[in-house]
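Visitor: To start, I am sharing the structure in question, which I have written as structure tokens.
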Amino acid sequence: MVIKQKKVSEQIIEELRQMIRSGKLKDGDKLPNQIEFAAQLGVSRNSLREALNTLVMLGAVEQRPRTGTIVKASSLISIANQITIPVVEDSQTTLEFIQSRRFVEMGTVELAIENGTPDEIALLERQLLSMDKAIRENDAVLYVETDLKFHIQIARASHNRFMLNQFMTYHSYISQFMQAVAAVPNIVQRSNQEHQRIYKGIRDKDMEQAVSAMKEHILKMEDPIKDLSPDFFTKMKTANAAG
């Protein structure tokens, strides 16, 4: 069993859920050490570590000193339940998604300012540098991946498992949405500037600036979406079904 390299940490989480459903993992079971488990799943240790960090924040696994990583089966089964409406369905569905996302992410920004550690804030800055690199190299795939990691890191820095759980429920839909809007002219460059303002507000613990910047960042996606033709959504649905 080897996991494909698209959205690896998300697929690791789903694989663990499947292992619980099948009875291979039960509540209280200890996972193999990270080297062994990464090899078993066919993924890198970094991807496994990212997935486990998310699961720790969600309360779905517990990392105990001198013991290892312990599974909390009921929590792991319940996380990231997916809504059934495709985000890139039509302009109205996509606009509804933007509206719901706005309130979740404005909340995670507030909590990240209150609870985020210096190391967590520093990681946001490193992700901004990766986004700059992606723009210089005209690498849309890297930009979308790093953009998503930036928003996930804010949710993690909130240190609120319910907020992170909400964000991870949206995870694949945010990825789908970002891949769609990356095709809109000039939107990546503008988005990067908005990320800079969000980061500076969090770094400086300026609640008003950070929340306002996040709100603006998400709301500015509405006008380009309204201007897209039905043919655009048809092509995106076809691409998502194929991918």
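The values are calculated or read from the model by the stated rules, or taken from the named source; none is laboratory data. Note that the structure is predicted; figures quoted are calculated from it, not measured. Please note: Cβ atoms are built from the backbone with ideal geometry, for glycine as well, and neighbour counts cover all protein chains shown. Side chains included, ligands, DNA and RNA excluded: accessible areas come from the protein's heavy atoms. Shrake-Rupley method; radii C 1.70, N 1.55, O 1.52, S 1.80 Å.
Visitor: Can ILE77 be described as modelled with pLDDT under 85, not acidic (Asp, Glu) and not in a loop (DSSP other than H, G, I, E, B)?
Guide: Working: modelled with pLDDT under 85: yes; not acidic (Asp, Glu): yes; not in a loop (DSSP other than H, G, I, E, B): yes.
When the stated conditions are applied, ILE77 passes them.
Visitor: Additional query: Looking only at residues in the range 193-215 that are among the basic types (Lys, Arg) and in contact (Cβ under 8 Å) with a residue 60 or more places away in the chain, which one is least open to solvent (accessible area, probe 1.4 Å)? Even if it seems obvious, please write down each step before you answer.
Guide: Pass one, the range 193-215, residues among the basic types (Lys, Arg): 197, 200, 203, 205, 215.
Filter once more, keeping what is in contact (Cβ under 8 Å) with a residue 60 or more places away in the chain: 203, 205, 215.
Details: ARG203: 113, LYS205: 124, LYS215: 84 Å².
Filtering first and then ranking leaves LYS215.
Visitor: Tally time: how many residues in the range 118-153 are in a helix (DSSP H, G or I) and free of Cβ contacts under 8 Å to residues at least 12 places away in the same chain?
Guide: Residues that pass the stated criteria total 9.
Visitor: Quick check on this structure: which one of ARG64, ARG45 is under 21 Å from ASN160 (Cα atoms) and modelled with pLDDT of 85 or more? Break it down stepwise before answering.
Guide: Numbers: ARG45 fails: under 21 Å from ASN160 (Cα atoms).
After applying the criteria, what remains is ARG64.
Visitor: Within the range 14-37, take every residue that is outside any helix (DSSP H, G or I) and among the polar types (S, T, N, Q) and give me the one that is nearest to MET168 (Cα to Cα). Even if it seems obvious, please write down each step before you answer.
Guide: Quick first cut of the range 14-37, residues outside any helix (DSSP H, G or I) only: 22-33.
Checking which are among the polar types (S, T, N, Q) leaves us with 22, 33.
Working: SER22: 23, ASN33: 25 Å.
Selected residue: SER22.
Visitor: Checking THR94 against (1) within 22 Å of MET178 (Cα to Cα); (2) in contact with a helix residue (DSSP H, G or I) (Cβ under 7 Å, 6 or more places away or on another chain); (3) open to solvent by 40 Å² or more (accessible area, probe 1.4 Å); (4) modelled with pLDDT under 90, only one condition comes out false. Which one?
Guide: (3)
Visitor: While we're on this one: Going residue by residue through the range 218-236, is there one that turns out to be modelled with pLDDT under 95, more than 18 Å from ALA157 (Cβ to Cβ), open to solvent by 30 Å² or more (accessible area, probe 1.4 Å) and under 19 Å from the mean Cα position of the chain (by Cα)?
Guide: yes
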